[in-house]
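The values are calculated or read from the model by the stated rules, or taken from the named source; none is laboratory data. Treat the numbers as computed from the prediction; the structure is a model and nothing was measured. Virtual Cβ from ideal backbone geometry, glycine too; neighbours counted across all protein chains shown.
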Amino acid sequence: MQRGVYFLANDNVLDLSIAFLNSFRKYNPDLPLCFIPYNDNCQVILSMKEAYNFNEFDKPEVLQTCDEISMSFHPSVTGTYRKLAMWEGTFDEFIYIDVDSVVLNNIEFAFNYLDKYDCYTSHSDMPGIRQFVWNESIYNANALSPVQIQYSANTGFVVSRKGVLPMHWIQRKLSDAITLKEHMQLNCQEQPFLNYLIVTSGKRYTSLFTIYQQTQDKRIMFEYWAGTKGASFKKGKFRNGQPYFLVHWAGCWQPRDFDFEYHKILRFLRLTSNTVNPKLHFFMPYKRLWRFYRFMKQRPNSIPAQGASY
């Protein structure tokens with residue numbers, strides 16, 4: 001049985017990818033890692049395969065199907081739907097992690113619950129998450145139960161097994177999911193559709209958060225959302241030793257209007273290249289933590305320091 005981790009990226013998020021890879025390999029030096037290309041713009045990331053010891057997902061027909069599925073929900077291809085390819089990969093048991101994250105610990109503990117569940121995320125069944133999955137109108141659609149709606153998981157961290165949600169089954173579910181398009185929070189890309197697939201799969205699904213609530217299993221560590229204030233870090237770890245294994249910047253790293261104006265000023269003052277565009281939110285929370293991993297010494301010298309002005 002082979003276990004491993006998938007991540008999805010392209011060169012547009014190179015800085016995020018380097019921070020993720022540095023942190024992942026610091027705490028998980030031997031765990032197999034597979035790169036799912038977001039699109040064809042991946043030359044620099046692919047040049048890092050040897051440095052970070054990862055392989056590339058090698059089923060282009062599966063990725064093409066994911067792109068076609070994305071067009072059912074968006075006016076153009078959205079590469080985040082390629083996340084669905086994880087159930088068609090080589091790993092028998094796997095974890096998927098978004099690259100707008102840094103890993104703070106060994107993550108193999110997360111495999112411990114696949115004997116009881118087929119698919120689980122880091123958090124679910126929290127009232128504040130539903131707005132990032134479903135619009136309020138979903139309650140009037142009479143398509144999902146309150147329990148299914150309540151699950152509303154962030155899909156930036158997923159643990160499952162090969163074949164649990166196979167592509168041929170996903171394609172069959174697509175027509176039913178499209179009828180709920182108006183109720184989906186599509187600003188969150190694939191997240192509503194993937195939630196729909198999980199809760200209508202008939203499989204055993206949950207989250208680490210729910211497992212802990214039910215069992216008080218002290219082996220469980222948690223994901224920390226960077227939008228939550230109050231955390232304190234030292235040398236890339238939680239200062240007080242809280243049981244978190246991941247910090248996720250979902251919705252917190254994208255550049256805002258201010259960032260573009262700020263860069264215009266820098267270009268006018270000739271403090272940055274005219275070709276540089278903002279890649280990250282200037283006031284991104286916990287940026288010092290992120291920079292710790294983005295620029296840590298183990299970064300190979302051959303990798304360009306994209307976004308160093310941040």
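Given the criteria modelled with pLDDT of 95 or more, buried (at least 17 other Cβ atoms within 10 Å of the Cβ) and either of a type outside the set (A, V, I, L, M, F, W, C) or out of contact with any Gly (no Cβ under 9 Å at 6 or more places or on another chain) (or both), does Cys34 qualify?
Values: modelled with pLDDT of 95 or more: yes; buried (at least 17 other Cβ atoms within 10 Å of the Cβ): yes; either of a type outside the set (A, V, I, L, M, F, W, C) or out of contact with any Gly (no Cβ under 9 Å at 6 or more places or on another chain) (or both): no.
For Cys34, the condition - modelled with pLDDT of 95 or more, buried (at least 17 other Cβ atoms within 10 Å of the Cβ) and either of a type outside the set (A, V, I, L, M, F, W, C) or out of contact with any Gly (no Cβ under 9 Å at 6 or more places or on another chain) (or both) - is not met.
Each row is one residue, and each column tells you yes or no for (1) surrounded by fewer than 18 Cβ atoms within 10 Å (Cβ to Cβ); (2) under 30 Å from Phe111 (Cβ atoms); (3) at pLDDT below 80.
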residue: Leu208; (1), (2), (3): no, yes, no
residue: Thr228; (1), (2), (3): yes, yes, no
residue: Phe233; (1), (2), (3): yes, yes, no
residue: Val247; (1), (2), (3): no, yes, no
residue: Gln254; (1), (2), (3): yes, no, yes
residue: Asp257; (1), (2), (3): yes, no, yes
residue: Asn277; (1), (2), (3): yes, no, yes
residue: Gln298; (1), (2), (3): yes, yes, yes
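Just the residues that are in a strand (DSSP E or B) and either buried (at least 20 other Cβ atoms within 10 Å of the Cβ) or over 20 Å from the mean Cα position of the chain (by Cα) (or both), please, taken from the stretch 155-164.
Selection gives Phe157, Val158, Val159, Ser160.
All but one of (1) among the aromatic types (Phe, Trp, Tyr); (2) modelled with pLDDT of 70 or more; (3) surrounded by fewer than 18 Cβ atoms within 10 Å (Cβ to Cβ) hold for Phe268, so report the exception by its number.
Among (1) among the aromatic types (Phe, Trp, Tyr); (2) modelled with pLDDT of 70 or more; (3) surrounded by fewer than 18 Cβ atoms within 10 Å (Cβ to Cβ), the lone unmet condition for Phe268 is (2).
Looking only at residues that are touching a helix residue (DSSP H, G or I) at 6+ places or on another chain (Cβ under 7 Å) and aliphatic (A, V, I, L, M) in the stretch 124-154, which one is surrounded by the fewest Cβ atoms within 10 Å (Cβ to Cβ)?
Ala141
Going through the stretch 72-89 one residue at a time, which ones are surrounded by 13 or more Cβ atoms within 10 Å (Cβ to Cβ) and in a loop (DSSP other than H, G, I, E, B)?
Let us first name the residues in the stretch 72-89 that are surrounded by 13 or more Cβ atoms within 10 Å (Cβ to Cβ), namely 72-74, 77-89.
Answer for the stretch 72-89, where residues must be surrounded by 13 or more Cβ atoms within 10 Å (Cβ to Cβ) and in a loop (DSSP other than H, G, I, E, B): Ser72, Phe73, His74, Val77, Thr78, Gly89.
Out of the stretch 24-80, which residues are among the charged types (D, E, K, R), closer than 28 Å to Trp169 by Cα and in contact with a Phe, Trp or Tyr (Cβ under 8 Å, 6 or more places away or on another chain)? Even if it seems obvious, please write down each step before you answer.
Residues of the stretch 24-80 that are among the charged types (D, E, K, R), as a first pass: 25-26, 30, 40, 49-50, 56, 58-59, 61, 67-68.
So of that shortlist, the ones also closer than 28 Å to Trp169 by Cα come out as 40, 56, 58-59, 61, 67-68.
Result: Glu56, Asp67.
Just to check your reading of the model, which residue among Tyr212, Tyr205, Tyr196 is among the aromatic types (Phe, Trp, Tyr), closer than 20 Å to Ile95 by Cα and over 20 Å from the mean Cα position of the chain (by Cα)? Write out each step before concluding.
On the way: Tyr205 fails: over 20 Å from the mean Cα position of the chain (by Cα); Tyr196 fails: over 20 Å from the mean Cα position of the chain (by Cα).
So the residue among Tyr212, Tyr205, Tyr196 that is among the aromatic types (Phe, Trp, Tyr), closer than 20 Å to Ile95 by Cα and over 20 Å from the mean Cα position of the chain (by Cα) is Tyr212.
Please go through the stretch 130-150 and give me each residue that is under 25 Å from Phe222 (Cα atoms) and either in a loop (DSSP other than H, G, I, E, B) or touching a Lys or Arg at 6+ places or on another chain (Cβ under 9 Å) (or both), ordered by number.
Matches in the stretch 130-150: Val133, Ile149, Gln150.
Looking at the stretch 100-123, which of the residues that are surrounded by fewer than 19 Cβ atoms within 10 Å (Cβ to Cβ) and of a type in the set (S, T, N, Q) is nearest to Gly241 (Cα to Cα)?
Asn105
Can you tell me which residue among Ile97, Ile45 is farther than 22 Å from Lys162 by Cβ, buried (at least 21 other Cβ atoms within 10 Å of the Cβ) and among the aliphatic types (A, V, I, L, M)?
Ile45
For the subset of the stretch 1-22 comprising residues that are out of contact with any helix residue (DSSP H, G or I) (no Cβ under 7 Å at 6 or more places or on another chain) and in a helix (DSSP H, G or I), which member is surrounded by the fewest Cβ atoms within 10 Å (Cβ to Cβ)?
Among residues in the stretch 1-22 that are out of contact with any helix residue (DSSP H, G or I) (no Cβ under 7 Å at 6 or more places or on another chain) and in a helix (DSSP H, G or I), the one surrounded by the fewest Cβ atoms within 10 Å (Cβ to Cβ) is Asn12.
Of everything in the stretch 165-200, what is surrounded by fewer than 20 Cβ atoms within 10 Å (Cβ to Cβ) and in a loop (DSSP other than H, G, I, E, B)? Give them in sequence order.
Those that are surrounded by fewer than 20 Cβ atoms within 10 Å (Cβ to Cβ) and in a loop (DSSP other than H, G, I, E, B): Pro166, Thr179, Leu180, Gln185, Gln189, Thr200.
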